[in-house]
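The values are calculated or read from the model by the stated rules, or taken from the named source; none is laboratory data. Predicted model, so just to flag it, every value in this text is computed and none were measured. Glycine gets a Cβ as well: all are built from the backbone with ideal geometry, and neighbour counts include every protein chain shown.
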Amino acid sequence: MTDLNSFQTPIRLDLCSWKEVEEYLNHSKGIILPVGSTEQHGPTGAIGTDAMTAEAVALEVGKRSGVLVAPVQSYGMAEHHLGFPGTMSLKPSTLLRVINDLLLSLARHGFQRVFVINGHGGNIATFKAAFAEAYKVIASSEEFLEKNFRCQIKSWFMVPEVFQKSKELYGDKEGQHATPSEISLTLHLEPSLKSKQCPLPPPSPAGPIYSYQDFRKRYPDGRMGSDPFLSNSSHGELLLDKAAISLTEDLANFLHEP
Ligand code: NI
């Protein structure tokens, strides 16, 4: 059970003054950047699932580590979900430029370790490309005096302890999209979402992802092999804790790596 009161005040960049950020940089060069997506999550899941979950995990890791948390980047690469109303996507080339600009903004102030906590698998390739672009710019520009800039991306749902617990709780009903584990976390964060949950017919099995037209044909209600009706808020609380424990450790290792 997570006891929120036992943690220090969350350290949110959006609530800091620039003076406080300047002071923070005197003792830490690390920052957490949560990233999600604004995309369909099946007929009963919230469009904001990936952004809400990434932000919650990031704030939890921030509380436990004392590392500053940037505002969530709520828009991600969700081209394949555009066949469903409500999805708002950045194509890979746009997302790459957005992330590159954000990383260079941080590097300019002296942040040297950006720990990205991700809620959406579709973001990973583009983020890795954006990291490579940022390293290139920083290495070759005199504007950036500090050359030792590093980024890491970790997806909370791929944390081994989270993955294992999800398998234990849901077996093969976890599926690959609109999963009961991510929906459970949203129910923990926003109890009103419970009212959308209802039993659903068996989903289309998970398979390949191509165009959004093809996605909608293969996965007509947006789910990929998942049964989100198995979700509940106490599972969500447990998974949040497991993700936070593991990612707090990963973050400490990242900040201290040679
Ligand atoms: Ni998701």
**OP:** Give the residues of segment 20-62 that are hydrophobic (A, V, I, L, M, F, W, C), away from the ligand (no atom under 11 Å from the Cβ) and under 16 Å from the mean Cα position of the chain (by Cα), sorted by residue number.
**Re:** 31, 32, 33, 35, 56, 57, 58, 59, 61
**OP:** Provide a single number: the residues in segment 76-114 that are within 24 Å of residue 217 (Cα to Cα) and part of a loop (DSSP other than H, G, I, E, B).
**Re:** 12
Original post:
Among 220, 203, 258, which is the only one that is in contact (Cβ under 8 Å) with a residue 24 or more places away in the chain and part of a loop (DSSP other than H, G, I, E, B)?
Top reply: 203
**OP:** Those residues that are among the small types (Gly, Ala, Ser) and touching a Ser or Thr at 6+ places or on another chain (Cβ under 7 Å), I need them from segment 46-87; list them, please.
**Re:** 46, 48, 51, 65, 74, 76, 78
Original post:
Looking at segment 180-197, is at least one residue surrounded by fewer than 23 Cβ atoms within 10 Å (Cβ to Cβ), among the small types (Gly, Ala, Ser) and over 23 Å from the mean Cα position of the chain (by Cα)?
Top reply: yes
**OP:** Give just the number: which of (1) among the aromatic types (Phe, Trp, Tyr); (2) surrounded by 18 or more Cβ atoms within 10 Å (Cβ to Cβ); (3) away from the ligand (no atom under 14 Å from the Cβ) does residue 84 not satisfy?
**Re:** (3)
Original post:
Going by the structure shown, is residue 65 of a type in the set (Gly, Ala, Ser) and near the ligand (Cβ under 10 Å from one of its atoms)?
Top reply: no
Original post:
On the given criteria, is residue 117 at pLDDT 95 or above and either touching a strand residue (DSSP E or B) at 6+ places or on another chain (Cβ under 6 Å) or in a loop (DSSP other than H, G, I, E, B) (or both)?
Top reply: yes
Original post:
Is there a residue in segment 160-172 that is under 20 Å from residue 55 (Cα atoms), without any contact (Cβ under 8 Å) to a residue 40 or more places away in the chain and either hydrophobic (A, V, I, L, M, F, W, C) or surrounded by 23 or more Cβ atoms within 10 Å (Cβ to Cβ) (or both)?
Top reply: yes
